[in-house]
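The values are calculated or read from the model by the stated rules, or taken from the named source; none is laboratory data. Please read all numbers here as calculations on a predicted model, not as lab measurements. All Cβ positions, even for glycine, are placed from backbone atoms using ideal geometry, and neighbour counts span all protein chains on display. The accessibility values were calculated without ligands, DNA or RNA, using every heavy atom of the protein model including side chains. Shrake-Rupley method; radii C 1.70, N 1.55, O 1.52, S 1.80 Å.
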Amino acid sequence: MRSDLFPIRSRARKLTDYAVTSLAVLATLLVVAPLVGIFGYLVYKGASSLSLDFFLKGPKPVGESGGGMANAIAGSALVLGVASLIGIPLGIGGGIFLAEFGRGTKLATAVRFTADVLNGVPSIVMGLSIYALIVLPQKHFSAFAGGVALGIMMIPTVCRTSEEMLLMVPNAIREAALGIGVPNWRSVLSITLKTASPGIITGCMLAFARVAGETAPLLFTALGNSFWSTNLNEPIAALPLQIYVYALSPYDDWHRLAWAGALVLIILIVLAVSLVRFVTSRGVLKGAS
Amino acid sequence: MGVGIEVQNLNAWYGSNHTLQDICLNISANQATALIGPSGCGKSTFVRCINRMHETNPIARVTGTVRIGDVDIYKDAKPVEIRRRVGMVFQRPNPFPTMSIYDNVAAGLKLNGYSNRRALDEIVEKSLRNSALWDEVKDDLRKKSGASLSGGQQQRLCIARALAVDPEVLLMDEPASALDPVSTSKIEDLIFQLKAQYTIVIVTHNMQQAARVAEQTGFFLNGRMVEFDTTHKIFTNPSDKRTEDYITGRFG
Ligand SMILES: Nc1ncnc2c1ncn2[C@@H]1O[C@H](COP(=O)(O)OP(=O)(O)OP(=O)(O)O)[C@@H](O)[C@H]1O
Ligand SMILES: [Mg+2]
């Protein structure tokens, strides 16, 4: 009795299916297009200025052509290293507290609220705060201050994604651990955290990639430096800072270097993220996904 | 050796839901005790009170006394110690998804700081043999994750994991509900063997299973224990009308 109804229904269903699929594909293209566009433009503008010198030499004085961004690349790596050392442990620790130990407490609500507010603080304000809190008392700009500024900016993202990912671990897994006499803290560290680790790592990478391109928080903290330095206590160059300075300069040569710097910054971020993904998808953490 | 369990005036709540009401019973050492009753009557809640898992739920509350051997578990001991002595196989299989089969079984020992490789290997093999899973997984102990097994295999893995910590009491919440007849009879054989060393409490919806493995049987209804007696008595000549109605299939 339904057989006469069925074909019509199925045609309508096919049409709907087709429409929804097309919309999804369209949306995907719209999302990917700007990305490809930006990257393509960077390659077009910057690739020609890339040479071995770019990675091996520091900036040349005004007027001389050539030179590179070796000091800025090293500086960015150092500042981001400090930032990760601060932002990742504190962020994950906060996430563990929110998801496992502080559930339903007032302190947890306060921490969650603080993290969300911190997430909304404009990066320039973060730079100024660190300027007041670290640079002024120390009486000098430093790589360390820059790292702290970026590190604090990483905390909310890492914290909230860690919380979300931990909450997604089924309760049955926690019960399984408690049920064989594993103490709660041990179960959190060795089981829940490990089960949630793929998502937590993604959160850390997101936070890292976000702050890697920040300029404003570094303006009053790391300051920038035209010379090679790896001293945490001295002003240091960083790719976004260098790009900023070069892009605002009146020289064509520097403009080209700025484009090349932007291209390198993006490539380095992609490389760093892929490297972490590669390392964590094998070895100790294998099977975690 | 197994130890006896003495439960007095046990009451348990989930929020305002009074899930268990005034439960009193004595479970004998080195015997299997079956708990039967319709869905939602509180069997799982009851076994979770015996190893203090019930209190891990933030909305849960429990009162009354449970003695295991000569320890009053709610007064004289920490939850972690109790759970090491009272193993549990949960109603739904819950292997650790990030761990290999081997690590799943060894988890209870490893996470408590036990690290003798040789001894661990032996314990893992023995536990997997006891839970009738060894032959199916022996070739990829370290290669396959616990989550890649079938539902019934996962349940047997969880049994092995509970056995590996060598408890005195083993609580099994419907351990055979996801198993085929062959594995089920293997598990039942296992229960027979294990009685020598452990005290076993098994929740089951399968009357034949209760009749086959258990010396004693308790019938739960709406959070109360209606009748507790030898399995033979419960299934042939129950003293309560409701027990009779249930086992003859008139309700539930
Ligand atoms: N996590 C929970 N939160 C709130 N209420 C719960 C929870 N678990 C169980 N309950 C309630 O407690 C009562 C007893 O549940 P329990 O799981 O002990 O039943 P059961 O006898 O094991 O049933 P089944 O045979 O279906 O497994 C039920 O009314 C149930 O709604
Ligand atoms: Mg149950």
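Brief remarks on what is shown
- Between 0 and 90°, nearest 10: helix A:193-212 axis offset from chain A longest Cα axis: 40
- Carbon/sulfur fraction of accessible area - the protein assembly as shown, other protein chains in place, 1.4 Å, %: 61
- Counts of other chain beta carbons within 10 angstrom of each beta carbon in peptide B:113-121 average 0.
- Accessible area of residue A:13 in the full protein assembly, 1.4 Å probe (Å², nearest 10): 130
- Chymotrypsin sites (Phe, Trp or Tyr not before Pro) restricted to the range B:98-177 and DSSP loop, no more than 10 other C-beta within 10 Å: none
- Environment charge of residue B:77, counting only residues whose C-beta is closer than 9 Å and scoring Lys/Arg +1, Asp/Glu -1: +1
- Net dipole in debye of chain A [+1 Lys, Arg Cβ; -1 Asp, Glu Cβ; about Cα centre; nearest 20]: 960
- Set of the range A:185-220 residues, backbone N closer than 20 Å to the point 7 Å along the Cα-Cβ line of residue A:101: A:185-197, A:200
- 5 angstrom amide H check on residue B:227, placed H, neighbours 5+ away: B:219
- Gyration tensor verdict on the protein assembly as shown (Cα atoms; rounded if a/c is under 1.5, prolate if a/b is larger than b/c, oblate otherwise): prolate
- Protein-only accessible surface order, largest first, of A:158, B:80 at 1.4 Å: B:80, A:158
- Radius 14 Å from Cβ of residue B:112, net charge of other residues (Lys, Arg +1; Asp, Glu -1): +4
- Heavy-atom accessible area with a 1.4 Å probe sorts B:13, A:228, largest first, into A:228, B:13.
- Spin-label model, residue B:239 to residue B:80: label points 7 Å out along the Cα-to-beta-carbon direction sit 4.4 nm apart.
- Annotation: residue A:50 carries an accessible surface of approximately 60 Å², with a 1.4 Å probe and no ligand, DNA or RNA atoms counted.
- Integer Hz, Karplus 6.51/-1.76/1.60 couplings in order for the range B:76-85, x for Gly and Pro: 9, 9, 8, x, 4, 5, 4, 5, 6, 7
- Taking Lys and Arg as +1 and Asp and Glu as -1, the other residues whose beta-carbon sits under 11 Å from that of residue B:223 total +1.
- Computed from phi, the 3J(HN,Hα) profile of the range B:169-186 under the Karplus parametrisation 6.51, -1.76, 1.60 (θ = phi - 60°) reads 10, 10, 9, 10, 9, 6, x, 10, 5, 10, 10, 7, x, 5, 5, 4, 5, 5 Hz, with x in place of Gly and Pro.
- Separation in nanometres of the label points that stand 7 Å from Cα toward Cβ, at residue A:209 and residue A:232: 2.8
- Antiparallel DSSP beta bridges within the protein assembly as shown, as percent of all bridges there, nearest 5: 60
- Applied to the range A:48-62, the Karplus parametrisation 6.51 cos²θ - 1.76 cosθ + 1.60 on θ = phi - 60° returns per-residue 3J(HN,Hα) values of 5, 8, 6, 8, 4, 4, 4, 8, 10, 10, x, x, 8, x, 3 Hz, with x for Gly and Pro.
- Cα shape, chain A, gyration tensor, a/c 1.5 rule: oblate
- On a per residue basis, the range A:53-288 carries 46 Å² of accessible surface, using protein heavy atoms and a 1.4 Å probe.
- Annotation: amide H-H contacts under 5 Å for residue B:89 (H modelled 1.01 Å from N, sequence separation of 5 or more, or interchain): B:171, B:172, B:173.
- Put simply, the amide H of residue B:60, placed in the peptide plane, has neighbours under 5 Å in B:15, leaving out anything fewer than 5 places away on its chain.
- Relative contact order (%) - chain B, alpha-carbon pairs under 8 angstrom, separation at least six: 28
- In loop segments of the range B:146-252 as defined by DSSP, the chymotrypsin sites (Phe, Trp or Tyr not before Pro) with at most 10 further C-beta atoms inside 10 Å of their C-beta are B:251.
- With R₀ set to 25 Å, the beta-carbon distance separating residue B:65 from residue B:232 gives a calculated FRET efficiency near 0.30.
- Alpha carbon centroid spacing (whole Å) that separates the range B:1-43 from the range A:82-154: 49
- With all protein chains modelled, accessible area of residue B:127 [1.4 Å, Å²]: 10
- Assuming charge only on the beta carbon of Lys and Arg (+1) and of Asp and Glu (-1), the dipole of the protein assembly as shown about its Cα centre is about 500 debye to the nearest 20.
- Taken across both chains, chains B and A shield about 1700 Å² of accessible surface from a 1.4 Å probe.
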